[in-house]
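Worksheet: the structure to be examined is printed underneath.
The values are calculated or read from the model by the stated rules, or taken from the named source; none is laboratory data. Every value quoted in this text rests on a predicted model; they were computed, and no experiment measured them. Quick reminder, even Gly has a Cβ in these numbers, built from the backbone with ideal geometry, and neighbours come from all protein chains shown. These accessible areas exclude ligands, DNA and RNA; they are computed on the full protein's heavy atoms, side chains included. Shrake-Rupley method; radii C 1.70, N 1.55, O 1.52, S 1.80 Å.
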Amino acid sequence: MSEQKYLNLNNGLRMPIIGYGTWMASEEEINTAVNEALKVGYRHIDTAPVYLNEKAIGNVLTKWFSSGKIKRSDLFITTKLPSPGADRPDLVELTLRKSLADLQLDYVDLYLIHTPITVVVDEKGAFKHHEDGTVIVDPSTDLVAIWKEMEGLVAKGLTKSIGISNFTIKQIDRILQNCTIKPAVLQIEYHIYLQQPELIEFCKSANIAVTAYSPLGSKGVGTLNKRAGVERELPDLLDVPVVKEIAQNHSKSEAQVLLRWIVQKGISVIPKSTNPKRMYENKNIFDFKLRAEEMEQLNSLDANIRVVNFSFFPGVEKHPEFPF
Ligand SMILES: NC(=O)c1ccc[n+]([C@@H]2O[C@H](COP(=O)([O-])OP(=O)(O)OC[C@H]3O[C@@H](n4cnc5c(N)ncnc54)[C@H](OP(=O)(O)O)[C@@H]3O)[C@@H](O)[C@H]2O)c1
């Protein structure tokens, strides 16, 4: 099995620095892909109820546990409190319990508030829309009250750690001023074109670990935008000349350079791939090191381009806690 590296969390636990992302993969794909990911050596898996694959992941994990090839304690599983409808204090525990049932687990290692915004849903969980097609937001979101419930989940042993995703400095600070348990992790979009130095510095000073989502630029967002009728040109991070040149210097792939650059900064990454060769490639980035000048070249590419800006849910930007 390939080498594991970890980030130490502020609660004394550790999280494998490379995780396996599972967004935009169908249940069928996930079945094969998670199995392959475990074979390749991933021990950290990132999911969420809105990815509609927790059941499939649960089936794969159960098979591995019963084969004796892996123990629960070998894995770091993250799932999230979904913003559509469930990020209300009275729904927090119920929602995690549903995820645990689907994942066939007694606990997760990390439970994140998926976003700081709440959307109104119907009884089947589908978004409700205004006549003009925009989603109906629920402006009553109370992040501190939700966080109190998240803390209760740790006390009940349903999750080992709690954290947040897509939060701003102000929102994190509000949690920090009103918490008993500090967030262990902030999960945000992070790559060469979106570096958010103030947010990263803030987390460092507050001892909150950062996980980079969409580290390769998330091609899946293009599909969602198209479905929502949103026209948006997205950058191809794998086709940036500097990245290509550095990849050539090290005889590595462009993806490996993009991921190594993040990990070398002490930030965790959760690339998604359903292709076994690329899964292997993304996990194996510890046999080379980027030189200081190469790190600088990549740092200088920051362009404040956010790929996952939720444009595929027109209307969410009206929520008072909209973070972008
Ligand atoms: N908290 C949040 O709000 C949030 C938001 C977005 C994502 N996430 C999490 O972060 C994970 C990763 O982000 P993401 O899925 O948006 O995007 P990503 O990992 O940046 O990119 C995934 C895309 O890159 C391709 N790819 C993967 N490895 C490659 C390689 N070595 N060479 C070339 N192409 C490669 C994949 O295609 P193939 O599958 O065909 O290889 C897929 O199309 C998600 O899966 C999810 O778990 C969280």
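Mind putting a number on the dipole of region 6-318 about its Cα centre? Charges go on the C-beta only, +1 for Lys and Arg and -1 for Asp and Glu, and I need it in Debye to the nearest 20. Kindly include the intermediate steps, with their values, before the conclusion.
Working: 37 positive and 38 negative charges, 203 e Å.
Rounded to the nearest 20 debye, it is 980 debye.
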Cα-Cα over 29 Å, subset of Lys5/Lys80; Lys63/Lys156; Lys204/Lys226; Lys63/Lys272; Lys156/Lys283: Lys204/Lys226; Lys156/Lys283
Neighbourhood charge, 15 Å Cβ-Cβ cut-off, centred on Lys252 and excluding it, Lys, Arg +1 and Asp, Glu -1: +2
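What number comes out for the charge environment of Ile30, summing +1 per Lys or Arg and -1 per Asp or Glu over other residues with Cβ under 11 Å away?
Working: positive: Lys55, Lys272; negative: Glu27, Glu28, Glu29, Glu36, Glu54.
With Lys, Arg at +1 and Asp, Glu at -1, the net is -3.
Of all the accessible heavy-atom surface of region 6-318, with the other protein chains kept in place and a 1.4 Å probe, what percent is carbon and sulfur? Can you show the working numbers first?
On the way: 6910 of 13840 Å².
Of the solvent-accessible surface of region 6-318, carbon and sulfur hold 50 percent.
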Lys, Arg +1 and Asp, Glu -1 on Cβ, resulting dipole of region 31-85 about Cα centre, debye, nearest 20: 200
Relative contact order %, region 20-174, counting alpha carbon pairs below 8 Å whose residues are six or more apart: 21
Region 91-229 - accessible surface per residue (Å², probe 1.4 Å): 43
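Can you give the net charge of the other residues whose Cβ lies under 14 Å from the Cβ of Phe202, counting K and R as +1 and D and E as -1?
Numbers: positive: Lys170, Arg174, Lys182, Lys204; negative: Asp173, Glu198, Glu201.
Result for the neighbourhood of Phe202: +1.
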Förster radius 56 Å - calculated FRET efficiency between Asn207 and Glu131 (Cβ-Cβ, nearest 0.05): 0.75
Projected label distance in nm at Ala303 and Asp236, using a 7 Å step from Cα toward the beta-carbon: 1.3
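Over region 6-318, what is the relative contact order in whole percent, taking alpha-carbon pairs under 8 Å and six or more residues apart?
On the way: 538 pairs, mean separation 61.9, N = 313.
That works out to 20 percent.
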Residue with peak Gaussian network fluctuation, the chain [Cα springs, cutoff 10 Å], from Ala209, Ala303, Ala25: Ala303
Ranking by accessible area, most exposed first, for Tyr6, Tyr190 with a 1.4 Å probe: Tyr6, Tyr190
Under 16 Å from the Cα of Lys244 - lysines, other chains or at least 8 residues apart: Lys252, Lys289
Mean Cβ neighbour count within 10 Å, used as a protection proxy, ranking 77-84, 11-18 highest first: 77-84, 11-18
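Expected output is a single nm value to one decimal: the length gained when fully extending between Asn11 and Lys55, i.e. 0.36 nm times separation in residues minus the C-alpha distance. What is it? Write down the numbers at each step before the final one.
Working: separation 44, 0.36 × 44 = 15.84 nm, distance 2.84 nm.
Going from the current span to full extension adds 13.0 nm.
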Per-bin percent of Cα-Cα distances, region 6-318 [10 Å]: 6, 27, 36, 25, 6, 0
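As a test of the formula, what do you get for the chain when each DSSP H run with n ≥ 4 contributes -39,500 (n - 2.57) and the sum is divided by the residue count, at 222 nm and rounded to the nearest 500 deg cm²/dmol?
Numbers: 12 runs with 119 residues, N = 324.
It comes out at -10500 deg cm²/dmol, rounded to the nearest 500.
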